[in-house]
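Q: Structure in structure tokens, see below.
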Amino acid sequence: MYTARPWSQSLLPILLLSPIVFSPIVVACSTGTVDEGGTSAFSASLGEGNLDTATSDESSESDSSGSESSGTTETTSTTTTTESTSDTTDTTDTTETGDPDPCPLICDGKPDPTPTSCDAPYVIGRTSAKAGFFFGGNTTGSMDSDNGVCGPIDNQANWDSGHDHFFRIYLYTGDTIDVAMTGQFDKRVKVHDEAECIGNAKDCTDGVLSYTALKDDWFTIVADGQSVAFMDWGDYTLTVDLTLAGAEACGCL
């Protein structure tokens with residue numbers, strides 16, 4: 001038969017066992033060694049863990065900062081600007097009176113591969129003529145721009161109706177030019193004692209002539225053909241040799 005016991009008797013075993021069950025937990029939590037400063041090893045380990053983490057973070061930040069710093073190089077570039085001043089000098093030769101100096105043209109000439117008119121001739125320089133001037137051309141595409149005869153028209157040797165090329169040279173009084181023209185047609189070579197090719201030529205032959213200047217001036221040489229009816233034009237060569245009478249005013253080489 002069950003007999004109820006007072007509640008104090010029922011709780012007595014639990015109360016007797018409680019020191020045994022809970023004492024290890026308390027002991028486990030309090031077994032940390034207390035250092036002289038009064039801090040337990042458990043507390044110290046937690047503190048050291050936080051310190052290590054903080055130190056590691058600071059070290060990481062320091063290393064990262066150092067890496068960024070070491071990888072950056074400042075370069076100072078100095079640009080020097082140099083101002084260049086270019087002086088433009090007029091090289092046109094002039095005389096004491098301010099007129100253009102004629103000597104460069106007289107000495108050096110002015111080449112023209114198609115000298116088809118008296119207004120636009122091939123200017124032969126005296127320097128070239130003294131050394132022996134040579135020109136090879138073709139009068140097929142030219143016109144009969146100079147047809148002044150050298151004598152009576154009843155003499156076929158005086159005819160002049162072929163196509164022309166024009167050359168100009170400056171001569172001093174007494175200078176002599178020897179001119180020779182070759183070609184596979186009836187030729188006519190002439191000399192005018194002026195630059196404008198006015199009137200009849202002063203001398204003309206069928207290919208070779210020698211002419212002596214009677215004044216200081218420009219002279220025009222015409223490489224021509226005798227007759228347009230016989231198609232006197234085509235390939236030709238012209239040579240001019242200059243012999244001086246004395247000193248030259250321009251002093252050409």
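Q: If you wrap a convex hull around the alpha carbons of the stretch 103-243, what volume per residue comes out, as a whole number of Å³?
A: 89 Å³
Q: What is the calculated FRET efficiency for Cys250 to Glu194, with r their C-beta to C-beta distance and R₀ = 30 Å, to the nearest 0.05?
A: Taking R0 as 30 Å, the efficiency between Cys250 and Glu194 is 0.95.
Computed from the coordinates by the stated procedures, all read-outs in this text should not be read as laboratory data. Since this is a predicted model, take the numbers as computed values, not measurements. So basically every Cβ, Gly included, is an ideal-geometry build from the backbone, and we count neighbours across all protein chains shown.
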